[in-house]
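Heads up: the structure comes next, in structure tokens.
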Amino acid sequence: MGTDNKPEVYFHVGLGKTASTWLQNKVFGHFEGITYLHPTQYRHWKETIAGSQQPKVLISREMDQQLEREVKKFAAVRPDTTPIILLRSNAQWIASQYRRFLKNGYPLTFTEFFDVTHDTGYWKRSDVLLYPKIAILKQYFTEPPIVCLYEDLRRNPQQFVTDLAAQMGVNCQVEHISVDKHHASYNEKQLKWMLIVAKRIFKIPVYNPNGPRWKTWIRRRPRMWLCYVILYSAHLIPASWLSKKPLIDPEILKKIDAYYHDDWQACLQTMRRP
């Protein structure tokens, strides 16, 4: 147990497109000697910590824009929490975020979504900075964060899980963990077709991060169903109908990596190994 017979608390701050769903549904439940609260039960995190019969508690939630708000609320109750965050390089992260937004019907080209040169995109340059997210964790929590790399997970998922469990001081039978992706990715052809159709039928949806989650869920359902129809209809579209240019220009990704070089290096310096 932690100090004063309180359990040690670990808070997985899951950024979008960093394998958060896979960890939440296929990994964390296999950690031994720790109470794990699935994100669907996140609203009960205070009661879970208070009532845990295990010496450690793991809470997980995916967040992006609301990161500081949620961390601040959490730290007000347990400032001695050890936060966990997974990062991928700035260019790969924003490229993956773009594919997710496009899949959801956002009618934007990549440079309309993110413009590293002039900062006129839907996502701003400040949104893609990664070290400030670590700085928020350091500001509100007294325990240093566990910083992990998405690339390590992709390279060797079982070793990644073993290393993470070691840093948390728990055991895990990695042979019981499925390394299959939780969500299948959509291919380049499907996303190019989505961009063509979305430009004609969709507007950028209004997002209210402070509004009731159930209202957002209900509002998104019809749009999401239509998006799935569009994505799967791409199988019927001749490839000749679509541009041969890549959805995301590799040269732009190089510029993004160069722009965020110092930010990424600062992130790497915060890593600790088991």
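At a glance:
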item: Residue (of Ile134, His38, Trp225) at the positive-pole extreme of the chain, dipole from beta-carbon charges; result: Trp225
item: Rg(Cα) / (2.2 N^0.38 Å) computed for the chain, rounded to two decimals; result: 1.08
item: Within region 131-160, backbone nitrogen closer than 18 Å to the virtual label 7 Å beyond the Cα of Ala166 toward Cβ; result: 146-160
item: 4 °C / 1.567 mPa s Stokes-Einstein diffusion coefficient of region 78-162, Kirkwood radius on C-alpha pairs, µm²/s; result: 88 µm²/s
item: Reach of Lys46 by Cα under 28 Å, taken over lysines that are not fewer than 8 positions away in the same chain; result: Lys6, Lys17, Lys26, Lys56, Lys72, Lys73, Lys133, Lys138, Lys215
item: Rg(Cα) / (2.2 N^0.38 Å) computed for region 95-142, rounded to two decimals; result: 1.42
item: Cα principal axis extents for region 47-193, largest first, Å; result: 51, 37, 25
item: Packing-based exposure ordering (other Cβ within 10 Å, fewest first) of Thr18, Thr270, Thr109; result: Thr109, Thr270, Thr18
item: For the chain, share of DSSP beta bridges that run antiparallel, in % to the nearest 5; result: 10 percent
item: Net length gained if the chain between Lys254 and Met271 were fully extended (0.36 nm per residue, minus Cα distance); result: 3.7 nm
item: Only Lys, Arg (+1) and Asp, Glu (-1) charged, at Cβ; the chain dipole about Cα centre in debye; result: 1220 debye
item: Amide proton proximity set for Val57, modelled H, under 5 Å, gap of 5+; result: Glu8, Val9, Tyr10, Thr35
item: Approximate spin-label separation Trp123-Leu226, in nm, with each point projected 7 Å along Cα-to-Cβ; result: 2.4 nm
item: Sites Lys138 and Lys244, calculated FRET efficiency, Cβ-Cβ separation with R0 45 Å, nearest 0.05; result: 0.45
item: Taking the C-alpha atoms of region 143-195, convex hull volume expressed per residue in Å³; result: 121 Å³
item: Approximate spin-label separation Val174-Ile204, in nm, with each point projected 7 Å along Cα-to-Cβ; result: 4.2 nm
item: The chain - percent relative contact order, Cα under 8 Å, separation 6 or more; result: 24 percent
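Any read-out appearing in this document is the output of simple, stated calculations on the displayed coordinates, not a laboratory observation. Quick caveat, the model's predicted, so the values are computed rather than measured. FYI the Cβ positions are ideal-geometry reconstructions off the backbone, even for glycines, and counts take in every protein chain you see.
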